[in-house]
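Just so you know, all these numbers are worked out from the coordinates, no wet-lab data involved. These figures come from a predicted structure and were not determined experimentally. Every residue, glycine among them, receives a Cβ derived from its backbone with ideal geometry; neighbour counts consider all protein chains shown.
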Amino acid sequence: MPLIRVVNLCKEFRVSKHQRGAWGAVKNLFTTQYRLVRAVDGVSFNIEAGELVGYLGPNGAGKSTTIKMLTGILVPTSGEVNIGGHIPWKDRVPYVKGIGVVFGQRTNLWWDLPVIESLDLLKHVYRISEDRYERNLAEFREMLGLDEFLHTPVRSLSLGQRMRADLAGALLHDPQIIFLDEPTIGLDVVAKERIRQFIKSINRERSVTVILTTHDLGDVEKLCARVMMIDRGKLLFDGAPGELVQRFGGERELVVDLAEDYANVEIDGARVASRDERQVTYRFVRGSISASDLIQRLSAQYRILDLSVQEPQIEDTVRRIYEQGLLRDEG
Ligand SMILES: Nc1ncnc2c1ncn2[C@@H]1O[C@H](COP(=O)(O)OP(=O)(O)OP(=O)(O)O)[C@@H](O)[C@H]1O
Ligand SMILES: [Mg+2]
């Protein structure tokens, strides 16, 4: 039995439909029509203990809605969720003892209290023993650099500080699983790196299972061995980030510095994407020709000074998938 089992999960929202125009505005006063939005549409997956999974998808795809159902905040319209033997929205009290949740967009801490008092309160909420609390707090203070703002009210923290405080708060009770909804949103590069290090370390050292949503592909590159991608409520990809790039990354690039001015630099198997004096960028499709064959062909025809092969990056790959709806056609 996997730690997290999700079968055919669906969530529909009823949203009021506003009628347009002057007459519509009058009608809106007297009748409200509703339409259903399927935010999550038949999502199934398993996650094993100790995994670190990235949950990706464009705005409005259904990521936060999924996380809210997995954490018991929302009740699904249909489908099953079993996490460590619990049904999140039914067994809320025992269930939340074993999980931690951080929403990048808002804090779980008490707005007006200094950080340390917020953390102290959580000790009581979760009935954390004194020595476990002390041990965890000491470790998180060090790892997350909490000391510089431990006595500052949460409302006065910078975004990066608040995120660090929230992470500490979500992990004080030694949860087995942590759900992070955009934990690096709005952070500068240094703060992002610090949060990533922390997430990696709690996953490795404490074997905490991590599910994180993000729009920052750096998070995925640095952290996730597995990504799930959702679009319009449907789970469209579940696998290694490398596989995503291989399948949807598009063309590879070969940048060549030529030794002479050639009038024509065309070559079979690749197309000239751009040319800047003696530097030519070729694009070619993985599978149709290998980089070494292409290089051989080129060097048979031209004198080459230098060259480099560029693989498609995950950032570009995901952009292509979102823009072109590449997975939709498959799914
Ligand atoms: N409480 C709600 N009432 C009505 N519709 C909702 C509600 N919550 C979410 N939705 C709708 O469900 C869909 C999925 O929203 P969700 O917040 O899960 O997306 P997301 O993948 O987290 O997007 P983002 O990347 O922008 O955070 C959207 O169309 C959204 O408008
Ligand atoms: Mg969201």
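May I have the pair-distance distribution P(r) for the chain, computed from all Cα-Cα distances with 20 Å bins from 0 and rounded to whole percent?
Each 20 Å bin holds this share of Cα pairs: 26, 44, 25, 5.
Nearest-5 percent of antiparallel DSSP beta bridges in the chain?
If we restrict to bridges inside the chain, about 70 percent are antiparallel.
Quick check on packing: order 179-190, 256-267, 271-282 by the mean number of other C-beta atoms within 10 Å, highest mean leading.
In decreasing order of mean packing, 179-190, 256-267, 271-282 become 179-190, 271-282, 256-267.
By average Cβ neighbour count within 10 Å, what is the ranking of 195-207, 85-97 from highest down?
195-207, 85-97
Please report the equivalent ellipsoid semi-axes of the range 251-311, computed as sqrt(5 x eigenvalue) of the Cα gyration tensor, largest first, in whole Å.
Calculated on Cα positions only, the semi-axes equal 17, 12, 10 Å.
Please rank Leu3, Leu109, fewest neighbouring Cβ atoms within 10 Å first, as an exposure proxy.
Leu3, Leu109
From the P(r) of the range 65-197, could you give the percentage of C-alpha pairs in the tail past 23 Å?
34 percent
Among Ser308, Ser292, Val280, whose Cα sits farthest toward the positive end of the charge dipole of the range 251-311 (+1 at Cβ of Lys/Arg, -1 at Cβ of Asp/Glu, about the Cα centre)?
Most positive-ward Cα: Ser292.
Ranked highest first by average number of other Cβ atoms within 10 Å, how do 242-254, 154-166, 54-66 line up?
54-66, 154-166, 242-254
Sticking to Cα atoms, compute the Rg of the range 61-124 to one decimal and its Dmax as the biggest Cα-Cα distance, whole number, in Å.
13.8, 41
Tell me, rounded to the nearest percent, the portion of alpha carbon pairs in the range 1-148 spaced more than 20 Å apart.
Percentage above 20 Å: 64.
Relative to the first principal axis of the alpha-carbon coordinates of the chain, what is the inclination of helix 291-301, with its axis defined by its Cα atoms, in degrees from 0 to 90 and to the nearest 10?
It is inclined by approximately 20 degrees.
Using Cα pairs closer than 8 Å and at least 6 residues apart in sequence, work out the relative contact order for the range 251-311, in percent.
RCO, the range 251-311: 51 percent.
Report the relative contact order of the chain, percent, no decimals, based on alpha-carbon pairs under 8 angstrom and at least 6 residues apart.
It comes to 18 percent, rounded to a whole number.
What value, in deg cm²/dmol to 500, does the helix sum -39500 (n - 2.57) over DSSP H runs of n ≥ 4 give at 222 nm once divided by the residues of the chain?
-11000 deg cm²/dmol
Rounding to the nearest 20 debye, state how big the charge dipole of the range 251-311 is about its Cα centre with +1 on each Lys and Arg Cβ and -1 on each Asp and Glu Cβ.
The calculation lands at about 200 debye.
Mind checking the angle between helix 159-171 and the chain's longest principal axis? C-alpha axes, 0 to 90 degrees, to the nearest 10.
Its long axis makes an angle of about 60 degrees.
Against the longest principal axis of the chain, how steep is helix 130-144, in degrees 0 to 90 to the nearest 10, with axes from Cα atoms?
Between helix and principal axis, roughly 30 degrees.
For Cys224, Cys10, what ranking results if the residue with the fewest other Cβ atoms within 10 Å of its Cβ goes first?
Placing the least packed residue first, the sequence is Cys10, Cys224.
Could you list Lys222, Lys68 so that the one with the fewest beta carbons within 10 Å of its beta carbon is first and the one with the most is last?
Exposure proxy ranking, most exposed first: Lys222, Lys68.
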